[in-house]
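One structure below.
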Amino acid sequence: MFTEEIHSSSKKIMTESEIYQLDNGMRVVYKHDSSIVAHLGVMMKAGSKYERENEYGLAHFLEHSFFKGTTHRKTFHVLSRLDSVGGELNAYTTKEEICVYGSFTDNHFVRAVELLSDILFNSVFPIKEIEKEKAVIIDEINSYLDSPSEKIFDDFEMYLYPNHPLGHNILGSVESVESFTKDDLHNYLERFLFPDNMVISFVGNLKLDFVLKQLNHFFGAFKKKSSLPKIGLPNDSKPFHIELAESNYQSHIMLGGKAPSYFDPDRTAFALITNVLGGPALNSRLVLGIREKYGYTYNIESSYNAFEETGYWNVYAGTDPKYQKKTIQLIEKEIALFMNEVFSDTQLKKVKEQIKGQLALSMDNNVNVMLNLAKNLLVYNQLDTLSDTYQKIDSISGKDIQRVSQIYFPKEKQSDLIFTVED
């Protein structure tokens, strides 16, 4: 990762992507692309981990409510502004961020910039629309509660981070959503809407000077100083082993534990490990060693989730109850191999080439590129080029993989959550 000073809009940083500041200090990342389709997003640190005790689910509710009308537009006009010209308007909430973004043909860039600024700065959250959206989100909560293969992921976080904001479900509860008011939305947004806490990301075929001029016009005059609340480290909780009757047909299995944070130097090595273990490729060890060899499971995967304060890994599998015990044993066997064996040079070359290829493919989707640039700038205040990332991957040795695995994979550090079939 390279560190570089953020320049004013009159100066250019000669990298794959360029970082600028608007007149109010808001950071902008610009990446030129020859496609006729452009992508613009605004991201801020305002996710669910920043919610207070009486606000669980409010960040996600705010994201939904951005589209419900502004001082200039009713709901229909917000939703139609980009869609009517073939574009798309979207948003999402994570544990750490809220992002509002749009995709459009580049001749509609000004329309998109004005719309995003209107949503962020002028939303009025009409009471009638808020009440309708409560019903939508409560239906979303009930849908998730009815899907054990999704619920197990959120419940695992809840048990892994007890009494910490990272353990709270992003959706909140039926009771918390029903309690939200118009003032709650305004107050939450007020805490996080300030230039130093926001980044704008653009990918498209428009000249830099034009992009910055429009962004300055619609965003640069907004001046406010504030700071984020401090979120402490999660408690050093003990591993848990929980089995609940919450399924109808399959057993749902999740194993996992703590992992490196965003800023941990072992983050890249651990990402490589989990990719080999059960990443998206069909030749992952879990797929080949369990699904293909024994046919015990259709869905089996591993993932690694990093946050600013901490991180965690997990392995998920859905299987017939009669294969539950054997599936767990096979998962633990695959995990143990990382601790007990050192990758050969040939193995290491193959797994590095695989993850590099996956990264390159992800960069072929400009929506992903725009969002990833925004996330990197928001978190690190700097950017990696693809070649920088490749260099970090290449620097990982077989002994690094074994060392990092021995830190995070020991059985005494593992937790497990199992949803069994109800009687």
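Only helices (runs of 4 or more DSSP H) whose full extent lies in region 78-163 are considered here, and the ones with at least 1 residues that are open to solvent by 10 Å² or more (accessible area, probe 1.4 Å) and free of Cβ contacts under 8 Å to residues at least 24 places away in the same chain are 127-145, 148-160. Being part of a loop (DSSP other than H, G, I, E, B), open to solvent by 20 Å² or more (accessible area, probe 1.4 Å), in contact with a helix residue (DSSP H, G or I) (Cβ under 6 Å, 6 or more places away or on another chain) and in contact (Cβ under 8 Å) with a residue 40 or more places away in the chain is a description that does not apply to Leu233. Checked against (1) farther than 28 Å from Lys350 by Cβ; (2) of a type in the set (Ser, Thr, Tyr); (3) open to solvent by 10 Å² or more (accessible area, probe 1.4 Å); (4) more than 20 Å from the chain's Cα centre (by Cα), Tyr296 passes all but a single condition, namely (1). Here Tyr323 passes the criteria (1) in a helix (DSSP H, G or I); (2) touching a residue at least 24 places away in the same chain (Cβ under 8 Å); (3) open to solvent by 30 Å² or more (accessible area, probe 1.4 Å); (4) within 25 Å of Ile393 (Cα to Cα) except the one numbered (4). Checking Gly25, Gly47 one by one, the residue that is open to solvent by 10 Å² or more (accessible area, probe 1.4 Å) and modelled with pLDDT of 95 or more is Gly25 and no other.
In region 174-202, the qualifying residues are those that are of a type in the set (Gly, Ala, Ser) and either free of Cβ contacts under 8 Å to residues at least 60 places away in the same chain or part of a helix (DSSP H, G or I) (or both), and the one that is most open to solvent (accessible area, probe 1.4 Å) is Ser179.
Here Val315 passes the criteria (1) within 30 Å of Arg27 (Cβ to Cβ); (2) in contact with a strand residue (DSSP E or B) (Cβ under 9 Å, 6 or more places away or on another chain) except the one numbered (1). Please work out if Glu412 is in contact with a strand residue (DSSP E or B) (Cβ under 6 Å, 6 or more places away or on another chain) and open to solvent by 40 Å² or more (accessible area, probe 1.4 Å). The answer is no for Glu412. Restricting Thr310, Thr268 to residues that are modelled with pLDDT of 95 or more and closer than 19 Å to Asp416 by Cα narrows the list to Thr310. Considering only residues that are in contact (Cβ under 8 Å) with a residue 40 or more places away in the chain and assigned to a helix (DSSP H, G or I), look in region 390-402 and name the one that is surrounded by the fewest Cβ atoms within 10 Å (Cβ to Cβ). Ranking the qualifying residues of region 390-402, first place goes to Lys399. Of all the residues in region 48-75, those that are in contact with a His (Cβ under 9 Å, 6 or more places away or on another chain) and under 19 Å from Asn163 (Cβ atoms) number 5. When every residue of region 304-316 is checked against the conditions, at least one turns out to be of a type outside the set (Asp, Glu), over 20 Å from Lys350 (Cβ atoms) and in contact with a His (Cβ under 8 Å, 6 or more places away or on another chain).
The values are calculated or read from the model by the stated rules, or taken from the named source; none is laboratory data. Not measured: the values here are computed from a predicted model. Because the Cβ atoms are built from the backbone with ideal geometry, glycine has one as well, and the counts that use them run over all protein chains shown. What goes into the accessible areas is simple: the full protein's heavy atoms, side chains included, and nothing from ligands, DNA or RNA. Shrake-Rupley method; radii C 1.70, N 1.55, O 1.52, S 1.80 Å.
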